[in-house]
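**Student:** Right, I'll just put the structure down here and ask away after.
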Amino acid sequence: MNKTSFGNYRWVVCGLLFLATTINYIDRQVIGLLKPTLEVEFNWTESDYANIVMAFAACYALGFIIFGNIIDKIGTKIGYSISIVVWSIAAMLHAIVNTTLGFGAVRGLLGLGEAGNFPAAVKAVAEWFPKKERALATGIFNSGTSIGAVAAPVMVPWILGLYGWQEAFIITGALGFVWLIFWWLFYDIPSKHKKISKEEFELIHSDHEPDSEHTGSVKWRRLLSIKQTWVFIVGKLFTDPVWWFFLFWLPSYFSSTFSLDLKKPSLHLVVVYAATTVGSIAGGYLSSYLIRKGWPVLKARKAALLTAAICVLPILFARFATDIWVAVGIISIAAAAHQAWSSNIFTIVSDMVPKKAVSSVVGIGGMTGSIGSTFFPLLVGFILDYYKLAGNIVAGYNIIFIICGFAYIIAWLIIHILTSRMKPVRIQDLTE
């Protein structure tokens, strides 16, 4: 391993993870932006749309289990490649379906493939970064969820206006294949990488896990028996549904409440999702900063999670907003806080479990969060359909905002109880 111009190659890796996550969220966001067009084209009700979202969420949950296990077994490079090929093909297939059932089927395949993104990315961060840098690295790649959500409201209406809704799915879906070229050119684990310097290799392994070379296979029943796994499960179960609501219903909320024209690029949505970029990086930076100041790792993560939970609460006041920009400001704070939460809840996994089990734990927690996200759209669809028939759909959104506001505080309280005197788990504890 000789010195090269890539003295900080781990940040090149972080950049690749960021781009993949950005594409992941562009692909899943397309349908939310095309919802007003597609519901006219195919006569969808709110419940029809909720069922399509549910199909995505259910398969996303299944995909977490599949890819969490696969990636820990075959490695990040190949596992991530399989994931992005599956989801890119699925994204493009949206262009050829013409029934609600067809959209549900391709949406399910998209969810199955997209589920591999976070198990692979979190494992790559654990492989390439020491603990003191992991939250920041996670915050940076996780900000791709925000950039994807910012790019989509600009790209999709533009493509829709020039070409049509089918082309919007085809063009955005093809982006994954472009990324795949760079992934194979630039990525490998540090011990096999030819462009990493000796100094950087030593930095990456400065907090080397003494049992990281253990060759036994991880027992899933053991993962479910430890509190460390349940911390992540709780963190995802209560908050993932909120984020999915932000992704799939915010465009419709602004359209129905403030008559926002979704056939044009939307500055309002760009502002909301741009704020989440700041939240993702700031949340990762906050806990990393506290660790550098001497705080214990777990205490720093929990402090950042509590800060995020408190910052979500202002969404309770969205119901009083009569101006679209006031609503944008309130929702932007809550959405940014979610991303700060996400950066730290993902990092807790790599803090508390061995690298060999990271993808599996992310898969289990991600599956649980997706199960919650599978059923939450049913509730959202029911509430919105009920109040739409009553002629007051805004009241339906207000009820949903109340649910979203309290979800993070409840999750934090449970995590706080679970983490009392918690220590990192050894690989032997998971394989014996």
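Per-residue answers, yes or no, for (1) in a helix (DSSP H, G or I); (2) under 23 Å from residue 249 (Cα atoms); (3) among the charged types (D, E, K, R); (4) open to solvent by 10 Å² or more (accessible area, probe 1.4 Å):
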site	(1), (2), (3), (4)
21	yes, yes, no, no
35	yes, yes, yes, no
55	yes, yes, no, yes
72	yes, no, yes, yes
94	yes, yes, no, no
101	yes, yes, no, yes
107	yes, yes, yes, no
110	yes, yes, no, no
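**Student:** I've got another one for you. Name the single residue that is modelled with the highest pLDDT among those in segment 296-313 being surrounded by 16 or more Cβ atoms within 10 Å (Cβ to Cβ) and over 20 Å from the mean Cα position of the chain (by Cα).
**Tutor:** 313
**Student:** Hey, residue 172 hits all of (1) under 15 Å from residue 25 (Cβ atoms); (2) of a type in the set (Val, Ile, Thr); (3) surrounded by fewer than 23 Cβ atoms within 10 Å (Cβ to Cβ) but one; which does it fall short on?
**Tutor:** (3)
**Student:** Looking at segment 317-326, which of the residues that are under 19 Å from residue 402 (Cβ atoms) and at pLDDT below 90 is surrounded by the fewest Cβ atoms within 10 Å (Cβ to Cβ)?
**Tutor:** In this case the residue turns out to be 322.
**Student:** Ok, one more. Answer yes if at least one residue in segment 81-92 is of a type outside the set (A, V, I, L, M, F, W, C), farther than 28 Å from residue 379 by Cα and within 16 Å of the chain's Cα centre (by Cα), and no otherwise.
**Tutor:** yes
**Student:** Same structure again: Which residue out of 63, 68 is more than 22 Å from residue 182 (Cα to Cα), out of contact with any Pro (no Cβ under 7 Å at 6 or more places or on another chain) and open to solvent by less than 60 Å² (accessible area, probe 1.4 Å)?
**Tutor:** On the way: 68 fails: out of contact with any Pro (no Cβ under 7 Å at 6 or more places or on another chain).
Every option except 63 fails the conditions.
**Student:** With the structure loaded, tell me whether residue 25 is over 18 Å from residue 180 (Cα atoms), aromatic (Phe, Trp, Tyr) and surrounded by 18 or more Cβ atoms within 10 Å (Cβ to Cβ) or whether it fails that test. Walk me through how you get there before you give the answer.
**Tutor:** On the way: over 18 Å from residue 180 (Cα atoms): no; aromatic (Phe, Trp, Tyr): yes; surrounded by 18 or more Cβ atoms within 10 Å (Cβ to Cβ): yes.
Taking the combined requirement at face value, the residue does not satisfy it.
**Student:** Cβ-Cβ below 6 Å, separation at least six or inter-chain, first residue in segment 189-211 and closer than 13 Å to residue 127 by Cα and assigned to a helix (DSSP H, G or I), second modelled with pLDDT of 75 or more and of a type in the set (D, E, K, R): which pairs?
**Tutor:** Nothing qualifies.
**Student:** Do you know which residues across segment 158-169 are open to solvent by 10 Å² or more (accessible area, probe 1.4 Å) and under 21 Å from residue 268 (Cα atoms)?
**Tutor:** 158, 160, 161
**Student:** Still on this structure: Tell me, please, whether a residue that is open to solvent by 10 Å² or more (accessible area, probe 1.4 Å), under 20 Å from residue 238 (Cα atoms) and in a helix (DSSP H, G or I) can be found in segment 281-288.
**Tutor:** no
**Student:** If we scan segment 256-264, do we find a residue that is within 30 Å of residue 306 (Cβ to Cβ) and either small (Gly, Ala, Ser) or open to solvent by 40 Å² or more (accessible area, probe 1.4 Å) (or both)? Lay out the reasoning, then the answer.
**Tutor:** First pass over segment 256-264, keeping only residues within 30 Å of residue 306 (Cβ to Cβ): none.
There is no residue in segment 256-264 that is within 30 Å of residue 306 (Cβ to Cβ) and either small (Gly, Ala, Ser) or open to solvent by 40 Å² or more (accessible area, probe 1.4 Å) (or both).
The values are calculated or read from the model by the stated rules, or taken from the named source; none is laboratory data. Since we're looking at a predicted model, the values are computed, not measured. With ideal geometry, Cβ positions are generated from the backbone for all residues, glycine too; neighbour counts draw on all protein chains shown. SASA here: full protein model, heavy atoms, side chains in, ligands and nucleic acids out. Shrake-Rupley method; radii C 1.70, N 1.55, O 1.52, S 1.80 Å.
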